[in-house]
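> There's a structure below that I have some questions on.
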Amino acid sequence: MAGFADGSIGVEHTELHVAAAQMNSGADKDQNIASALALIDRAAAGGARMVALPEVWAYLGPDEGNRDSAESIPGSITELLAERARRHDIYIHGGSILETRSGDPGLYNTAFVIAPHGDIIARYSKIHMFDVDLDGVAQYQESATVTPGEEIVLTEIDGIPFGLAICYDLRFPELFRILALRGAQAVVLPAAFTLTTGKDHWETLIRARAIENQYFMIAPAQWGQHPPGNWSYGRSLVVDPWGTVLATASDGVGVAAAIIEPARVSAVRRQVPSLANRRPGAYLWPEEATALAAGRGIV
């Protein structure tokens, strides 16, 4: 067992065969769905107990098509994935899709997890919006069409505590530390990381989050070109708590699969007890840090 600074206990469970599906989604929703279902079938045939899809896999095209492609959760997409979960007796992490909510004008980038019996057991809406200008190389303004979420979410997959995050969240270590302190032994991070940033930052950041929080990272990603001309980096990853890459998808549509063993989390946290050695009382957090940053023009 692994103890944390907040007094919670991480309980060891059996191993779990996970698969991160790598897609090349576009503006054709039906084609994207067919590709996702085929990858789920392929991963399940390979022995996966949990299959995870990438970010916004059902539609990845021009922003003006976002709302027309969006769905409620539950909805037709979750029903299709629930059928596959029941058929294969697996968990399906539905990556993320653009979600509409009754009575809410917002549009959300939402991840969800479906259990083998077909029920949705967790959902998480992306907290951090990808609003960047890469000095003339590319510009993205996710907040122009998507509303940020507010809730940090954990769930259990075969008894293993999993945290949920999406793409740009990766650059905000506070979220991942909170998930660790709440007991996460793994995090699923569906993504559509840009080619420009992915080649330099993707694997480094995934491994950093795994190392500093001492849990598994499962990161299914988009790959290749998407209309109207954006590029995603791909290289879907499964990384262990030591930062070792267990599986990587090559360029193209495919699957990165690995066995994750929660006992490895306990072992690493025992060997390097950085979570237990935290000193929260010594940190300027959060009010003092916010005030200090404001004084320096950071926020």
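A short reminder: the numbers here are calculations on the coordinates, not readings from a lab. Note that the structure is a prediction, hence the values are computed from the model and not measured. Quick reminder, even Gly has a Cβ in these numbers, built from the backbone with ideal geometry, and neighbours come from all protein chains shown.
> Which of the following values of P(r) over Cα pairs in 10 Å bins from 0, in percent was calculated from the structure shown: (1) 6, 24, 27, 21, 14, 7, 2, 0; (2) 7, 33, 39, 18, 2, 0; (3) 6, 29, 36, 22, 7, 0?
Given (1) 6, 24, 27, 21, 14, 7, 2, 0; (2) 7, 33, 39, 18, 2, 0; (3) 6, 29, 36, 22, 7, 0, the structure-derived one carries the label (3).
> Rounding to the nearest 20 debye, state how big the charge dipole of the stretch 136-187 is about its Cα centre with +1 on each Lys and Arg Cβ and -1 on each Asp and Glu Cβ.
The calculated dipole for the stretch 136-187 is roughly 180 debye.
> If you don't mind, another one. Give me the number: length gained by fully extending T14 to S69, i.e. 0.36 nm times residue separation minus the C-alpha to C-alpha distance, one decimal in nm. Intermediate results must be reported in sequence, preceding the final value.
Numbers: separation 55, 0.36 × 55 = 19.80 nm, distance 3.86 nm.
Full-extension gain reported as 15.9 nm.
> For each of F130, F162, count neighbouring Cβ atoms within 10 Å of the residue's Cβ, then give the residues from fewest to most.
Numbers: F130 21, F162 28.
The fewest-first ordering by Cβ neighbours comes to F130, F162.
> Further question on the same structure: Distance from a point 7 Å along Cα→Cβ of A144 to each backbone N in the stretch 215-240: keep the residues under 20 Å and list them by number.
Only 225-232 fall inside the zone, counting backbone N under 20 Å.
> May I pose another question? With point charges of +1 on the Cβ of Lys and Arg and -1 on the Cβ of Asp and Glu, referenced to the Cα centre of the chain, which listed residue (I97, F176, T110) lies farthest in the positive direction of the dipole?
Farthest towards the positive end: F176.
> Pull up all non-local amide H partners of L107: gap of 5 or more, or a different chain, and H-to-H distance under 5 Å with H placed in the peptide plane.
Here the answer is T147, since their amide H atoms fall under 5 Å of that of L107.
> Apply the Karplus parameterisation 6.51 cos²θ - 1.76 cosθ + 1.60, with θ equal to phi minus 60°, to every residue of the stretch 108-117 and state each ³J(HN,Hα) to the nearest whole Hz, in sequence, with x for glycine and proline.
Once θ is set to phi - 60°, the couplings for the stretch 108-117 become 10, 8, 10, 9, 8, 10, 10, 7, x, 7 Hz.
> If I model a spin label at A276 and S76 as a point 7 Å from the Cα along the Cα→Cβ vector, what separation in nanometres do I get?
About 5.3 nm, to one decimal.
> Then there's this: In whole Å, how far is the Cα centre of the stretch 149-212 from that of the stretch 230-279?
Here the answer is 10 Å between Cα centres.
> Given points 7 Å out from each Cα along the Cα-Cβ axis, report the D28 to A263 separation in nanometres with one decimal.
4.7
> Take the chain, connect every pair of alpha-carbon atoms lying under 10 Å apart with a spring to form a Gaussian network, then pick out the residue of N32, N277, N230 with the largest mean-square fluctuation.
N277
> While we're looking at this one, here's another question. Would you kindly derive the ³J(HN,Hα) couplings of the stretch 50-64 from the backbone phi angles with the Karplus curve 6.51 cos²θ - 1.76 cosθ + 1.60 (θ = phi - 60°), listing them in order in whole Hz, with x for Gly and Pro?
9, 10, 10, 9, x, 5, 5, 6, 6, 7, 9, x, x, 4, 5
> Another question, if that's okay. Only four residue types carry charge here, +1 at the Cβ of Lys and Arg and -1 at the Cβ of Asp and Glu. Report the dipole size of the chain about the Cα centre in Debye, rounded to the nearest 20.
That gives the chain a dipole magnitude of about 840 debye.
> Out of the DSSP beta bridges found with both residues in the stretch 59-161, what percent are antiparallel (nearest 5)?
95
> In deg cm²/dmol and to the nearest 500, what is the mean residue ellipticity at 222 nm of the chain if only DSSP H runs of at least 4 residues count, each as -39500 (n - 2.57), divided by the residue total? The partial results should precede the final answer.
Details: 7 runs with 81 residues, N = 299.
Result for the chain: -8500 deg cm²/dmol, rounded to the nearest 500.
> In addition: Set the Förster radius R0 to 22 Å, insert the Cβ-Cβ distance between D135 and E174 as r into 1/(1 + (r/R0)^6), and round the FRET efficiency to 0.05. Each step should come with its number before you reach the end.
Working: r = 26 Å, r/R0 = 1.20.
In this case the efficiency is close to 0.25.
> So how do E64, E55 line up by other beta-carbon neighbours within 10 Å, fewest first?
E64, E55
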